[in-house]
Amino acid sequence: MKIVFPVAGVGTRFLPATKEIPKEILPVIDKPLIQYAVEEAVQSGLSDFVFITARGKEALENYFTPNPDLDDFLKRHQKSHLLDGLREFYTKNFTYIRQKQALGFGHAIALAEKVVGGEPFAISLPDDLIISRQPAMAQLLEVYEKYKSPVIAFMEVPSADIPRYGIAAGKFIADRVFQIEKLVEKPAIADAPSNFAVIGRYIMTPDIFPLLQATAHGAGAEIQLTDAVIQLMKKRRVLGYFFEGRRFDAGTTLGYIETLIHVALRREDTRDFTRRILRDLAENEKL
Ligand code: UTP
């Protein structure tokens, strides 16, 4: 199965950092966001990656290819091991498609049709960083294999956050799995059917493509995947899945701070130091 990473967005919530640098290149400690998402995909058994990119995103296109000058330099300084974590990706299959205008997430996905063809495919949004025992995409793939229906990742969010998400309601058919009966993009709190929020991991079937083509510009004047999924729900069962794990919203400034701290607390080489400075800070706050 191919996996599509739509990374052509402007990243307005992270300006000015994202003026010249793609949001997905922002490091969480020493590794760019996109690498966390690609690693999760690899750990889920996927190796065929489709990036929907845009002008100014060249750093993303280059990141997963060798850099001979840097390799030479590192070799001469006996530091080649510093890129060990990256080399496994050099042999994977990356395809890049340019989105000429940022017409929305749904529009970006529509562009993947010529590469994905008539097969089911995965979608991952790299600014949703998920820490879990079993990779989040692997969990979704299991649900897809079992039910052969499109699957969307969900988590519960506090009411105040509802207007930032796609929100769904439906009936549970198994532990963590529900059939979506209602789906609304970024509703007002009063109009939300629940607090079940769409998270950036999906398995879609190719019958979404004609619906995306027919989708008009929705919330925020962008072509939204949600609008096409609502049409898809009239034709077939679409499932929601509450993944096991914790998701961090690294695409916002506050979420990014939270992501950094959690990743630092989980990494062996940064854990003790991070714990210490957090403890020191908490103690000083009391003074
Ligand atoms: P977001 O809604 O997060 O938009 O897009 P954004 O541009 O990345 O960030 P903000 O809201 O301006 O801060 C969801 C996903 O869809 C991609 C984005 O790159 C992100 O991964 N996207 C969005 C596109 O590929 N093309 C678009 O036209 C819009």
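The values are calculated or read from the model by the stated rules, or taken from the named source; none is laboratory data. Here the structure is a predicted model, which means the values were calculated and not measured. Note that each Cβ is placed from the backbone with ideal geometry, even for glycine, and that neighbours are counted across all protein chains shown. Ligands, DNA and RNA are excluded from the accessible area calculation, which covers all protein heavy atoms including side chains. Shrake-Rupley method; radii C 1.70, N 1.55, O 1.52, S 1.80 Å.
Straight-line cross-link reach from Lys79 at under 26 Å between alpha-carbon atoms covers these lysines, not counting any fewer than eight positions away in the same chain: Lys31, Lys92. Packing-based ranking of 55-64, 104-113, 23-32 yields 104-113, 23-32, 55-64, ordered from highest to lowest mean Cβ neighbour count within 10 Å. Between their Cα atoms, which of Lys146/Lys235; Lys2/Lys235; Lys23/Lys235; Lys23/Lys171 are more than 28 Å away from each other? The pairs that break the limit, which is 28 Å between Cα atoms, are Lys23/Lys235; Lys23/Lys171. Taking the square roots of five times each eigenvalue of the Cα gyration tensor of the chain, the equivalent ellipsoid has semi-axes of 31, 25, 19 Å, listed largest first. Remark: the Asn284-Glu145 segment gains 44.9 nm on full extension, using 0.36 nm per residue and subtracting the alpha carbon distance.
Our note on the geometry: Cα centres of segment 146-218 and segment 85-128, 20 Å apart.
Accessible area per residue for the chain is 50 Å², calculated with a 1.4 Å probe on protein heavy atoms, without ligands, DNA or RNA.
Each residue, Lys235 and Val115, gets one label point 7 Å from its Cα in the Cβ direction; the gap between the two is 2.3 nm. Restriction of the trypsin sites (Lys or Arg not before Pro) in segment 84-129 to DSSP coil positions whose beta-carbon has at most 14 other beta-carbons within 10 angstrom yields Lys92, Lys100. Sparse packing (at most 16 other Cβ atoms within 10 Å of the Cβ) combined with a DSSP loop state is found for the following trypsin sites (Lys or Arg not before Pro) in segment 199-287: Arg236, Arg237, Arg267. Near Val143: Cβ cut-off under 14 Å, other residues only, Lys/Arg at +1 and Asp/Glu at -1. The net charge is +1.
If the viscosity is 1.306 mPa s and the temperature 10 °C, what translational diffusion coefficient in µm²/s does Stokes-Einstein give for segment 1-88 when Rh comes from Kirkwood over Cα pairs? Show your work: numbers first, answer last.
On the way: Rh = 14.4 Å.
Using the Kirkwood radius from Cα pairs, D works out to 111 µm²/s.
Take the Cα radius of gyration of segment 33-153 and divide it by 2.2 N^0.38 Å, N being the number of residues; the result is 1.20.
Mean-square fluctuations from a GNM of the chain, with a 10 angstrom spring cutoff on Cα atoms, peak among Asp227, Asp207, Asp272 at Asp272.
Taking only protein heavy atoms and a 1.4 Å probe, the accessible area of the chain is 53% carbon and sulfur.
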